[in-house]
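The values are calculated or read from the model by the stated rules, or taken from the named source; none is laboratory data. Being a predicted model, the structure only gives us computed values, none of them experimental. In this analysis, Cβ positions are derived from the backbone assuming ideal geometry, glycine residues included, and neighbour counts consider all displayed protein chains.
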Amino acid sequence: MRAALTILALWAAGLGAAAQFGKISVLYEVLGARYADQAGFGIGAMVSIVGIVGLIFGTTAGLMVARIGARRAILAALALGAAVSLIQSSFPSYPVMMLTRVLEGVSHLAIVVVGPVAIAGIAPARHQGLAMTLWSSFFGVTYAALALVAPGFVADYGAAALFQAHAVWMLAMCGALFVLMPRVAGASAVPGQGSLLARHLAIYASPRMAAPAMGFVCYTVTYVAVLTLLPGVVTPGWGHLIGFTMPLVSIAVSLTLGVWLLSRLPAVRLVQAGFAAAIVASLGLWVMWGTGLPEAVFAWGLAGALGIVQGASFASIPQLNASDADRAGAAGAIAQLGNLGTTSGTPLLVLILSAAGASGLAAFLIGFSALGITIHAVQARRRITA
């Protein structure tokens, strides 16, 4: 029971980490009015700066978590997240607000690195696939919940209250994990490990630590871009429905079919199968472009396929890496390359859609899905021959 409660609390901390992005997205127009001289790029940077911290320091965070220990890292991150949300609720000057967002990036990064490592260490082997898939859903669940609840909450209590509610959530998770997580010392330095750069190179040279992230970037570069842009280019009248339901389909498929398949297939094989299904769905979307319901069916199929890739990618971390230190390195790499995908995918797809329309969309999806399959095949061969 304690293990289950700890896993749920870690997942809830992940929801808080996702809300570090989501709360700014929900309040985008409010913040644009508050910081009118920074409207446009300045407010956009306020959203993206959290991800940029992860892009730059993702692997470093994995190394630091391995050094200081998961418990201390996540408790400090949650406390920091609560503090900056309280400061943000006062709508300070733009430079101060941006400083809090940089600090929030540090908090976010620590949580998303610790979460999968801690869950993998706690979950019984027979439930590890379910636990890791549950963790992988934290972003989609948070965005769906904020879309449903936040507009009414802000209308009733004001924008500052949303920041304050987030701070309370982060403090509550900090308290819960303080009680639930075991006290385990961080890893001591190992002589001969080399410099920080050497450790980074070692992670990306490893076919075990790097493989989850190198496949995951092929997922993030497509998934976020498609969720952002597809609703605006499909058959008129279908965009809102497709945009609202695709994340829900992705979560539902990953937590049901994805978990069932993880009990029967190795996680890496399932990632490859998910990418293969995404290729089929992308071809169907291209063929049925402009047809309304058939087009939507293949869009939902694409969301489900990518949902399987998402859950299996996180499940591959403990399957490929036995030690907490290696798992932390793998999780840091996922954070780093995942942010690379989310920041680069949307502008890349904008260019492709403007140049080639639906054919370009299909090529974009099929190309990155095929790349994900190929990368995992190469890394699997390297693990055999290593």
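Annotations
- For the range 55-92, the candidate set comprises residues that are closer than 22 Å to ALA118 by Cβ and either in a loop (DSSP other than H, G, I, E, B) or in contact with a His (Cβ under 7 Å, 6 or more places away or on another chain) (or both); within that set, the residue that is modelled with the highest pLDDT is GLY69.
- The range 234-259: number of residues that are within 13 Å of PHE298 (Cα to Cα) and either at pLDDT 95 or above or touching a Phe, Trp or Tyr at 6+ places or on another chain (Cβ under 7 Å) (or both): 3
- A Cβ distance below 6 Å, combined with a sequence gap of six or more or placement on separate chains, defines the contacts here; from the range 152-180, residues that are touching a residue at least 60 places away in the same chain (Cβ under 8 Å) reach residues that are outside any helix (DSSP H, G or I) in the pairs ALA159/LEU27; ALA160/SER89; PHE163/SER89; GLN164/SER89.
- Filter result for the condition that a residue is modelled with pLDDT of 90 or more and touching a Pro at 6+ places or on another chain (Cβ under 9 Å), over LEU293, LEU320, LEU306: LEU320
- Test: residue in the range 378-386 that is touching a residue at least 60 places away in the same chain (Cβ under 8 Å), surrounded by fewer than 23 Cβ atoms within 10 Å (Cβ to Cβ) and not in a helix (DSSP H, G or I): yes
- When each of ALA252, ALA273, ALA213 is tested for being among the small types (Gly, Ala, Ser) and either crowded, with 23+ Cβ neighbours inside 10 Å or closer than 27 Å to LEU351 by Cα (or both), the lone residue that passes is ALA213.
- Of GLY81, GLY62, GLY58, all but one fail to be under 19 Å from LEU146 (Cα atoms), under 23 Å from the mean Cα position of the chain (by Cα) and in the same structural domain as PHE163 (by TED's automatic domain parsing); the exception is GLY81.
- For the range 11-34, residues that are farther than 19 Å from ALA83 by Cα and not aliphatic (A, V, I, L, M) total 6.
- Inspection of the range 330-343 identifies no residue that is buried (at least 24 other Cβ atoms within 10 Å of the Cβ) and at pLDDT 95 or above.
- Residue list for the range 309-362, restricted to those being among the hydrophobic types (A, V, I, L, M, F, W, C), without any contact (Cβ under 8 Å) to a residue 40 or more places away in the chain and assigned to a helix (DSSP H, G or I): LEU351, ILE352, ALA355, ALA356
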